[in-house]
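I have placed the structure first, in the form of structure tokens, so that the comments after it can refer back to it.
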Amino acid sequence: MASYEKQQPPPPPPPVNAAPYCKKFRTHNSNTYYAYPAPQQPYYAPQPPPPPAPRRSGPGCLLCFVFKVIALVVIALGAAVLVLWLILRPGAVRATAVSATLSRFDLADGVRAGEGVLQYNLTVDVRVRNPNRFRIHYEYAEAQASYDGERFGYHPVQPFYLERKGERTVTAAFAGSSAVDDRGALRSYRRERGDGFYYVKVRLYADLGFKVRVFNARRKSKITCTLRLPVPNASAAPVPTMLGTRCAVDF
């Protein structure tokens, strides 16, 4: 009989007596199984929500609220004024020197060295036009005449209104004598007398007031007219010179 090795029966299954969530462990060189309970997960109790931040109250909070309201009102008014100003912003007036009469313009040496005496008689008509849709009030105005950078004449102008889309002629009269710098003015005087024309500047300074809808505004204005006047003839009656010279306006 042939010898054969007797087959060993398979090991019995481990006893099923462990908890549902257990880990089975088999020892070394042993068919015995041991059951160990699975490690428990730590339990964390839910934390309650943090309490709401306390609301501030008192005079400090009231002042802060009042300041915010005032700031909003100021910003709204500023924006409204800016929009109206951009829509209805005033345009610069237009000025033209219409005519001028120069009956005397004599420069002689003065008593002191380097000083001359200018004797003059000048009348200038300047037409001012308002291109805006509101009238302008010339609250204060004065005219000044200068020659070669030296001011020699002054004439106050009565306040007046410049109607909307209207115009007005302002007359400035200068007469008398004035001391000027002889070093530069005398050279220019002799050269221009030889050419037959004097170059005189007339400026009109004014404080303006105008009303745009419900807003009142004020500005300063300066009109500068550079006149080319013929040398007067002492033996003939003075004749007005028609100019039509555009003047520079700083509005």
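What the table below lists for this structure:
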item: Top-ranked residue in the stretch 121-136 [being surrounded by fewer than 16 Cβ atoms within 10 Å (Cβ to Cβ) and at pLDDT 90 or above; ranked as farthest from the chain's Cα centre (by Cα)]; result: Arg129
item: Breaking point among (1) touching a residue at least 60 places away in the same chain (Cβ under 8 Å); (2) surrounded by 14 or more Cβ atoms within 10 Å (Cβ to Cβ), for Glu139; result: (2)
item: Meets criteria (within 13 Å of Ala172 (Cβ to Cβ) and without any contact (Cβ under 8 Å) to a residue 60 or more places away in the chain) for Arg133; result: no
item: Any hit, the stretch 203-221, residues being over 25 Å from the mean Cα position of the chain (by Cα) and within 18 Å of Phe160 (Cβ to Cβ); result: yes
item: Some residue of the stretch 140-147 being closer than 15 Å to Arg187 by Cα and over 30 Å from the mean Cα position of the chain (by Cα); result: yes
item: Residue pairs meeting the criteria (Cβ under 7 Å; at least 6 apart or on separate chains; first hydrophobic (A, V, I, L, M, F, W, C), in the stretch 169-197; second at pLDDT below 85); result: Ala179/Gly110; Ala179/Glu115; Val180/Gly116; Ala185/Gly116; Leu186/Gly116
item: Of all residues making up the stretch 205-237, the number that are part of a loop (DSSP other than H, G, I, E, B), of a type in the set (Gly, Ala, Ser) and open to solvent by less than 60 Å² (accessible area, probe 1.4 Å); result: 1
item: Meets criteria (open to solvent by less than 50 Å² (accessible area, probe 1.4 Å) and modelled with pLDDT under 90) for Val202; result: no
item: Output for the stretch 117-168, where each listed residue is under 12 Å from Leu204 (Cβ atoms) and polar (S, T, N, Q); result: Gln144
item: Any hit, the stretch 94-102, residues being among the β-branched types (Val, Ile, Thr), farther than 14 Å from Cys225 by Cβ and in contact (Cβ under 8 Å) with a residue 12 or more places away in the chain; result: yes
item: Selection within the stretch 133-171 - farther than 16 Å from Ala95 by Cβ, outside any loop (DSSP other than H, G, I, E, B) and polar (S, T, N, Q); result: Ser146
item: Check on Ala185, in contact with a Gly (Cβ under 7 Å, 6 or more places away or on another chain), open to solvent by 40 Å² or more (accessible area, probe 1.4 Å), modelled with pLDDT under 90 and not polar (S, T, N, Q); result: no
item: So Arg127, is it in a loop (DSSP other than H, G, I, E, B) and either closer than 20 Å to Arg219 by Cα or in contact with a Ser or Thr (Cβ under 7 Å, 6 or more places away or on another chain) (or both); result: no
item: Single condition Val249 does not satisfy, out of (1) in contact (Cβ under 8 Å) with a residue 60 or more places away in the chain; (2) aliphatic (A, V, I, L, M); (3) under 15 Å from Asn121 (Cα atoms); result: (3)
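Table: residues versus (1) touching a His at 6+ places or on another chain (Cβ under 7 Å); (2) more than 19 Å from Val98 (Cβ to Cβ); (3) modelled with pLDDT under 95; (4) surrounded by 14 or more Cβ atoms within 10 Å (Cβ to Cβ).
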| position | (1), (2), (3), (4) |
| --- | --- |
| Phe152 | no, yes, yes, yes |
| Leu162 | no, no, yes, yes |
| Ala172 | yes, no, no, yes |
| Arg190 | no, yes, yes, no |
| Gly196 | no, yes, yes, no |
| Met242 | no, no, yes, no |
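The values are calculated or read from the model by the stated rules, or taken from the named source; none is laboratory data. Bear in mind the structure is a predicted one, so any value in this text is a computation, not a measurement. Quick reminder, even Gly has a Cβ in these numbers, built from the backbone with ideal geometry, and neighbours come from all protein chains shown. Each accessible area value is taken on the protein alone, full model and side chains, heavy atoms only, with ligands, DNA and RNA left out. Shrake-Rupley method; radii C 1.70, N 1.55, O 1.52, S 1.80 Å.
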